[in-house]
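Trainee: Below is one structure. I have some questions about it.
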Amino acid sequence: MPAVSETIVREYFELHGFFVRQQRKYIAPTRREDEEIDFFVLNPRHAAAGQPLPFVLTSDDLPAIARAVVAVKGWHTESFSSAVLANAPEIFRFVEPPVFERAAKAFGGQGQPTKILVVPALPQSREARAESIELLKSKGVDAIIPFHTMLADLIVQIEVNRNYQKSDLLQIIRILKNYDFFKEPQLELFKPKRKKKSTTSGEAGGMKE
């Protein structure tokens with residue numbers, strides 16, 4: 001499962017134009033090392049945003065990320081509730097100072113990379129969701145991306161008339177779409193929600209009945 005989860009994350013960032021470097025190609029001999037950074041990602045087309053990034057990222061937020069360290073937690077069995085997070089301190093090892101020293105060597109340049117955690121899901125209830133977000137922030141996580149966001153984007157973007165033979169994941173998605181396992185109504189549900197543009201007072205005043 002870790003290999004599948006990491007493949008999803010790699011394909012997602014590459015889909016959005018990031019250069020992706022894997023932390024290691026081998027299975028770590030110790031649990032601690034295995035639970036640090038999974039990927040370094042670099043955005044060559046970085047466009048600074050005029051406002052801080054939201055904590056729960058969507059695909060629309062990616063252009064504002066210059067570089068990031070990414071940890072992947074692909075459990076796919078439960079949401080990241082505050083209780084789960086409190087009982088799994090290893091989740092936060094990727095934000096520890098020694099990790100950033102290695103990240104700085106990998107990236108070079110100045111400034112710290114964004115610390116991104118890829119998670120199965122946050123709790124559904126507003127209160128439990130807020131508790132999880134506050135706990136993640138307090139531990140030093142800058143942002144999270146749910147797997148649903150990544151998979152939804154991949155499903156929507158893959159074209160049936162293209163042959164993705166160099167990527168098993170993308171080819172499987174393409175085959176499923178080709179044989180109508182993703183119907184059009186389902187694709188509408190998978191499409192990432194786009195941010196609504198705010199209507200200025202001038203535009204509102206200029207509208208005619």
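The values are calculated or read from the model by the stated rules, or taken from the named source; none is laboratory data. Just so you know, these numbers come straight off a predicted model, no measurement behind them. Cβ sites come from the backbone with ideal geometry, for glycine too, and all protein chains shown count toward neighbours.
Trainee: With the condition being touching a Leu at 6+ places or on another chain (Cβ under 8 Å) and surrounded by 14 or more Cβ atoms within 10 Å (Cβ to Cβ), I'd like the helices (runs of 4 or more DSSP H) fully within segment 94-185 carrying at least 3 qualifying residues.
Mentor: So the answer is 126-138, 147-157, 168-178.
Trainee: Here's another thing I want to ask about it. I'd like the full set of residues that are loosely packed, with under 14 Cβ neighbours inside 10 Å, outside any helix (DSSP H, G or I) and small (Gly, Ala, Ser), limited to segment 54-93.
Mentor: Ala88
Trainee: Taking segment 120-142, which residues are under 22 Å from Arg10 (Cβ atoms), modelled with pLDDT of 90 or more and either more than 17 Å from the chain's Cα centre (by Cα) or aliphatic (A, V, I, L, M) (or both)?
Mentor: Matches in segment 120-142: Val141 only.
Trainee: Looking at this structure, is Lys105 free of Cβ contacts under 8 Å to residues at least 40 places away in the same chain and of a type in the set (Lys, Arg)?
Mentor: It is true that Lys105 is free of Cβ contacts under 8 Å to residues at least 40 places away in the same chain and of a type in the set (Lys, Arg).
Trainee: Checking the conditions here, which among Phe13, Phe39 is under 16 Å from Ile145 (Cβ atoms), at pLDDT 95 or above and of a type in the set (Phe, Trp, Tyr)?
Mentor: Phe13
Trainee: Any idea which of (1) assigned to a loop (DSSP other than H, G, I, E, B); (2) farther than 24 Å from Ile8 by Cβ; (3) within 18 Å of the chain's Cα centre (by Cα) is the one Gln51 doesn't satisfy?
Mentor: (3)
Trainee: Filtering segment 79-119 down to residues that are more than 20 Å from Leu62 (Cα to Cα) and basic (Lys, Arg), which residue is modelled with the highest pLDDT?
Mentor: Arg93
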